[in-house]
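Below you'll find the structure, written out as structure tokens, and then a few comments.
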Amino acid sequence: MPAVLDSESDIRRAAMDLLARREHSRYELQRKLIQRGASPEHIETALDRLAEEGLLSDSRYVESYVRSRANAGFGPVRIREELRQRGIARDAAEQALRESGFDWDETLHQLWQRKFAGEYPGDAREHGRQGRFLATRGFSMEAIGRLLRR
């Protein structure tokens, strides 16, 4: 079991270790520090200070997360939900998705090409299979329908 984080300097060090590996949302960092035994009042102070210093930024986290997940072939519906689970406000997620520069229809098409080798469904069963896969990857039924009707 890890040592309890009982001082602000211990909490700051642990937070910086986590941030050195990858960007984190404030909510994620708070949750991880609580799991490591830090007191909530010390966490808030440490996180406020990290945010003031520009080391912790939810907007930078969201931008990085959207880019990473989109490059991995995930769509806006799934990314939006994953961000919500990570404590990001819906408005911030929507803005990041809009400003990401991704052409979601093109991302969907590339994923479909990779997974199904450009083979349009020949029957209702295959149509359902392809549609379900693409929906679980986070694309809207409307976009999936447009793609599979081509």
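The values are calculated or read from the model by the stated rules, or taken from the named source; none is laboratory data. As the structure is a prediction and not an experimental result, all values here were calculated from the model. Neighbour counts are summed over all protein chains in view; Cβ atoms, including those assigned to glycine, are modelled from backbone coordinates with ideal geometry. All accessible areas refer to the heavy atoms of the entire protein, side chains included, with ligands and DNA or RNA removed. Shrake-Rupley method; radii C 1.70, N 1.55, O 1.52, S 1.80 Å.
Side notes on the structure shown:
- Summing Cβ point charges (Lys, Arg +1; Asp, Glu -1) relative to the Cα centre of the chain gives a dipole of roughly 780 debye.
- Highest GNM mean-square fluctuation among Gly138, Gly101, Gly75, for the chain modelled with Cα contacts below 10 Å: Gly101.
- Heavy-atom accessible surface of the range 6-87: percent carbon and sulfur, 1.4 Å: 46 percent
- Residues in the range 117-137 reached by a label modelled at Arg150 [backbone nitrogen below 19 Å; 7 Å Cα→Cβ]: 117-123, 126-137
- Across q = 0.15, 0.18, 0.19, 0.20 Å⁻¹, the chain modelled as identical point scatterers on its alpha-carbon atoms has Debye log10 I(q)/I(0) values of -0.79, -0.96, -1.03, -1.10, in the order of the q list.
- Charged-residue dipole, Cβ positions (Lys, Arg, Asp, Glu), the range 1-65 about Cα centre, Debye nearest 20: 300 debye
- If R0 is taken as 25 Å, the Cβ-Cβ distance between Ser9 and Arg60 corresponds to a FRET efficiency of 0.55.
- Cα-based radius of gyration for the range 1-52, normalised by 2.2 N^0.38 Å, reads 0.98.
- Rounded to the nearest whole Hz, the Karplus-based 3J(HN,Hα) values (6.51 cos²θ - 1.76 cosθ + 1.60, θ = phi - 60°) of the range 9-16 follow the sequence 5, 5, 5, 4, 4, 5, 5, 5, with x at glycine and proline.
- Computed with a 1.4 Å probe over protein heavy atoms only, the accessible surface of the chain comes to 60 Å² per residue.
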